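Undergrad: So that we are looking at the same thing, I have put the structure below in structure tokens.
The values are calculated or read from the model by the stated rules, or taken from the named source; none is laboratory data. Quick caveat, the model's predicted, so the values are computed rather than measured. When we count neighbours, we look across all protein chains shown, and the Cβ atoms used for this are built from the backbone with ideal geometry, even at glycine. Accessible surface areas use protein heavy atoms only, side chains included; no ligands, DNA or RNA. Shrake-Rupley method; radii C 1.70, N 1.55, O 1.52, S 1.80 Å.
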Amino acid sequence: MRLIKPRASDVLTTYLKQCNEPPWTSYFIKQKDVSNDQWGKSHFNWTLDSGNNYHILRTGCYPYMKYHCSKRPYQDLSLDDNFFRVMKVINLGIPLLFYGLAAIALIKHTEIVHMADGQKVPIYFLYPEDKGSPH
């Protein structure tokens, strides 16, 4: 029996909680491993149940999606989000394709996100992060 793929937003939330809500993190996730419920979002707020807010920079870079998360106060990011979306359209996503292809060779570390339903979703890093480090 094939399990339903977890939503990208659920993986994001679970990973941030799993890491004890770090000051920042940056990871790749394979597009084939999740349901992309954040399609079209490039820069947005993500608030956890604890009340902590993250600014999320997100982009598709085939075969991955890239997330950069910084713990910061809530802020209106709609102008930034629209700007990044327009830039992706103008450049036809070509730089992002090359970024994703380069990531295949550059990724050196994998971690597992343990979802509430028991699924294990791998996420990828260029190098292991020092959890809790401000930089």
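Undergrad: If R₀ is 41 angstrom, what is the calculated FRET efficiency for the pair Lys17 and Ile94, using the beta carbon separation as r and rounding to 0.05?
TA: On the way: r = 35 Å, r/R0 = 0.86.
Rounded to the nearest 0.05, the efficiency is 0.70.
Undergrad: Subtracting the Cα-Cα distance from 0.36 nm times the residue separation, let me have the gained length for Ala102 to Val86 in nm, one decimal.
TA: Working: separation 16, 0.36 × 16 = 5.76 nm, distance 2.31 nm.
Working it through step by step, the gained length comes to 3.5 nm.
Undergrad: Shifting gears a bit: Can you compute the charge dipole magnitude of the range 1-44 about its Cα centre, using +1 on each Lys and Arg Cβ and -1 on each Asp and Glu Cβ, nothing else charged? Give it in debye, rounded to the nearest 20.
TA: Value, rounded to 20: 200 debye.
Undergrad: Of Asn52, Thr14, Pro134, which is farthest on the positive side of the dipole of the chain, counting Cα position, with +1 on Lys and Arg Cβ, -1 on Asp and Glu Cβ, and the Cα centre as origin?
TA: Final value for the positive-end residue is Thr14.
Undergrad: Continuing with the same structure: Which value in Å is the Kirkwood Rh of the range 40-114 over different Cα pairs? Don't skip to the answer; put the middle values down first.
TA: Details: mean 1/r = 0.0725 Å⁻¹.
After inverting the pairwise mean of 1/r, the radius is 13.8 Å.
Undergrad: Relative to the Cα centre, what is the charge dipole magnitude of the range 60-135, using +1 at the beta carbon of each Lys and Arg, -1 at the beta carbon of each Asp and Glu, and rounding to the nearest 20 debye?
TA: Working: 8 positive and 7 negative charges, 24 e Å.
Charge dipole, the range 60-135, about its Cα centre: 120 debye, nearest 20.
Undergrad: So how much slack lies between Ser50 and Ser26, counting 0.36 nm per residue of separation and subtracting their Cα-Cα distance, in nm? Working shown, then result.
TA: Details: separation 24, 0.36 × 24 = 8.64 nm, distance 2.04 nm.
Full extension of this stretch gives 6.6 nm more.
Undergrad: Excluding Gly132 itself, what net charge comes from residues whose Cβ is under 12 Å from its Cβ, given Lys and Arg +1 and Asp and Glu -1?
TA: Details: positive: Lys71, Lys131; negative: Glu21, Glu129, Asp130.
Net local charge, Gly132 excluded: -1.
Undergrad: Among Asn82, Ser70, Phe98, whose Cα sits farthest toward the positive end of the charge dipole of the chain (+1 at Cβ of Lys/Arg, -1 at Cβ of Asp/Glu, about the Cα centre)?
TA: The residue sitting farthest along the positive end of the dipole is Phe98.
Undergrad: Further question: Whenever you get a sec, compute what percent of the accessible area on the chain sits on carbon and sulfur atoms (1.4 Å probe).
TA: Values: 4900 of 8000 Å².
C and S atoms contribute 61 percent here.
Undergrad: Rounded to the nearest whole Å², what accessible area per residue is found for the chain with the 1.4 Å probe? Please report the intermediate quantities before stating the final value.
TA: Numbers: 8000 Å² over 135 residues.
Roughly 59 Å² per residue, with all protein chains present.
Undergrad: Which value, in debye to the nearest 20, gives the size of the charge dipole of the chain about its Cα centre, when Lys and Arg are +1 and Asp and Glu are -1 at the Cβ? Please list the in-between numbers first.
TA: Working: 16 positive and 12 negative charges, 77 e Å.
Charge dipole of the chain: 360 debye, to the nearest 20.
Undergrad: Against the globular-protein guess of 2.2 N^0.38 Å, express the Cα radius of gyration of the chain as a ratio, rounded to two decimals. Could you put the intermediate results ahead of the total?
TA: Values: Rg = 14.7 Å, N = 135, 2.2 N^0.38 = 14.2 Å.
So the Cα radius of gyration is 1.03 times the expected 2.2 N^0.38 Å.
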